[in-house]
Each structure stands twice: as C-alpha cells, then as structure tokens.
Amino acid sequence: MKKSLVLTMAVLLAGATVAQADVRELIDVVKRGDVTAVRQMIAAGENVNAQNEQGNTALHYAVATDNAEMTRILLNSGADLNAANEKGWTPLKIAQKKNVQNVTEVLNEMAEKAAQKNAEVQTIAAERKLLQRAAAAVESARESEKNALAAQEEAEKKALILQSKVAMLEKTLAEKSKALDDAEKKMADNKKSATKKVAPVTKKPVPKTQPKKPAAKPQPKPQPVVKIRVPQPSKFHANMTDGADEVIYCLNLLGQGENQHMARAAGYYAAANGVNEARYNQIVAYSAEFYNSADDTSLKQRVDTCGKVITPADATEQNRVIRALNEAMKTRPDTLIAIDKQPM
C-alpha cells in the first residue's frame, strides 16, 4: 500500500511514463534504419529517451548499428548520450568502445558545432564587456564636459566638440547593443525550438463497482479515537533548510518504487542549486530510510507534505521552483556526472 500511494502521487506530479509498447515500436524502426518513420514518431511527440526492459534507448541501437543519420536525428531531437542501461552502458560508451566510425564522425561534427556556438557566445560576452567599458568612457566624458563648461571660452569650444563626439559614440553603442540583443534572442529561440516536450498522458480512473449495502445493523458503541503518532523529523532532517534540501528530499521520497523520474529530477535540481554530491547522497539516504521504515499513515502524511513543498501555495515561490526544475532538465551541469553514473 505504501508503494501504491507514492506511485499515485508521482504520477499526478510528473505525468505518466511512455507505454512500453511505444518504446519497442520506436526501437524497432531505429533497428530497421527507417529514418522516415523515426521522424514521424518524433514529430508526433515520441519520447526519444524512453527505455525498454533492458534500459536501452533508441540511441543505444542507432550507435550500435553505426547508423550516422539516425544518430544525428535522435541527438538533434534531445536524445541523451549518457543514458545508461541496466548494465551501465551508455550510447557514448558504446561509441567509444566499438568500431562505429560513421557515428564517431557524427559525434565529432556535433562537438565542433557545440564548440563553435560556445565561441560565439564568448565573443558576444566579450563585445558586451567592451560596450560596457565604452559606456563608462561616455559617462566619464560627460563629467569632463560639465567641468569644461565652467572653464574659459576656449574650453567651452572644446566641450562642444567633445559633446558631438559623445553623441556619435552613443549612437554607435545603441546600434551595437541592439544587434547583440537580436543575436542573443535568436540563439534563445533556436534553443527553445530544438527542445521538444512530450505531452503527459492522463490515465482515466477505473470506475469501482459499488457493493450492495447490507441490512442495517445495530451500531456499536463508539470507541475512543486512538491517535497515530506521526514520526517527527530526525535531527538531520530538522537541520535541512526549506529550500533546495527540502525539494531534493521530497523528489527522492516521491521517486521511490517503480518510477525513477522524480529521483532523476532531484539530481538535476541539486546540481542547478549548487548542492554538492556528498550532501545530495545524505538527503537521498534519509528519504530512502524513511520510505522503507515508516508506516502507511506516516508515509501518506509525509507525501502530502512533500506535494506542498514541490508546489508551494505562494505563486512566486512555486514559479521559481518550477523554472529551476525545467532549466535543470534542459541543461546537464558538469557537477551531475558522478550522480548520473549511479546504477538505475
């Protein structure tokens, strides 16, 4: 009963997982090398990172069969090179260990493109710094202009010339600033369009057959209500903050059992909020201990509380938590490498 309660909450908060039959269908067309069918399934919202019974994704098979075009399509659609199967093998590890020259060329090509984009971002940042310095120079020139106005007539003439130069510089700064803003907006739009979200599948509740009511019986004398003691948080849990630690703890508690998505989101959230690996492992260990030792009533109460932590009543705080989770799922921080290598 404990696991069914946690699983129900996880489904309500994170959405239902992709059906196993759909995963096998995607993997089958990848094995056949049917590029057209794969494009159609991805366009229809198929989850490219869904795993089969062995933990393999479509990208595992595209890399293993050295299908360069299929690998490129899956990676451009958000496929994870570091998704590990039940044996701990990732598509990247397969590419490194096996003789898949075509796929290796694709990976090198995409790495070069990523490096090029990174260089463009760094160039934009450097130009912005130059603009900031130029703006400081403009401010300094304006101050010099004010001092010059109080000087003699020759100084006033120089101030007029300086004012003209400042106006020209401001115009140039405005044009470059607009060009940089347009470039950053274009890059952000391209990144957003490349990330496709899988629409959640809502399971319809199964109607329950109402049993026939038995004949009325004499009501027994009401018994006194026995209150069930709710285990108080341990000293360790009491020292956790109401911020990142609580969210990580609750995501891991809700991720116990068959659904691993919540626990994975906890890892992303930890890295996005600067929680180190040692602290993360402590919080995971405590949530697992409580899940395995608490009674049904205590577990349900803790799950309800965690639902409020992840989606707090305050709209501003709720939006901040959701944005942090979404950003963490899009970007894989380097600090998550060790956490991601844990066995699934």
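The values are calculated or read from the model by the stated rules, or taken from the named source; none is laboratory data. Quick caveat: nothing in here was measured; it's all calculated off a predicted structure. Don't worry about glycine lacking a Cβ; one is built from the backbone with ideal geometry, like all the others, and counts go over all protein chains shown. These area figures cover heavy atoms from the full protein model, side chains too; ligands, DNA and RNA do not enter into them. Shrake-Rupley method; radii C 1.70, N 1.55, O 1.52, S 1.80 Å.
Results, tabulated for the structure shown:
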item: Amide H within-cut-off set for Gly255, under 5 Å, with H built and near neighbours excluded; result: Ala263
item: Using θ = phi - 60° and Karplus 6.51 cos²θ - 1.76 cosθ + 1.60, couplings along segment 296-307 (whole Hz; Gly, Pro as x); result: 4, 5, 4, 5, 4, 5, 5, 5, 4, 4, 5, x
item: Solvent exposure of segment 43-106 as accessible area per residue, Å², 1.4 Å probe; result: 47
item: Fraction of accessible area attributable to carbon and sulfur, segment 57-170 (%, probe 1.4 Å); result: 51
item: Hypothetical label at Val35: residues of segment 106-150 whose amide nitrogen lies under 19 Å (7 Å Cα-Cβ projection); result: 106-111
item: Segment 118-182: radius of gyration over Cα atoms, expressed as a fraction of 2.2 N^0.38 Å; result: 1.42
item: From phi via Karplus (6.51, -1.76, 1.60), per-residue ³J(HN,Hα) for segment 262-268 in Hz, x at Gly/Pro; result: 5, 5, 5, 4, 4, x, 4
item: Above-threshold pairs, the threshold being 32 Å between Cα atoms, out of Lys97/Lys186; Lys31/Lys192; Lys31/Lys113; Lys146/Lys178; result: Lys97/Lys186
item: Rg/Rg_globular for segment 13-118, with Rg_globular taken as 2.2 N^0.38 Å and Rg from C-alpha atoms; result: 1.04
item: Karplus-derived 3J(HN,Hα), 6.51/-1.76/1.60, for each residue of segment 178-185, Hz, glycine and proline x; result: 5, 5, 5, 4, 5, 5, 5, 5
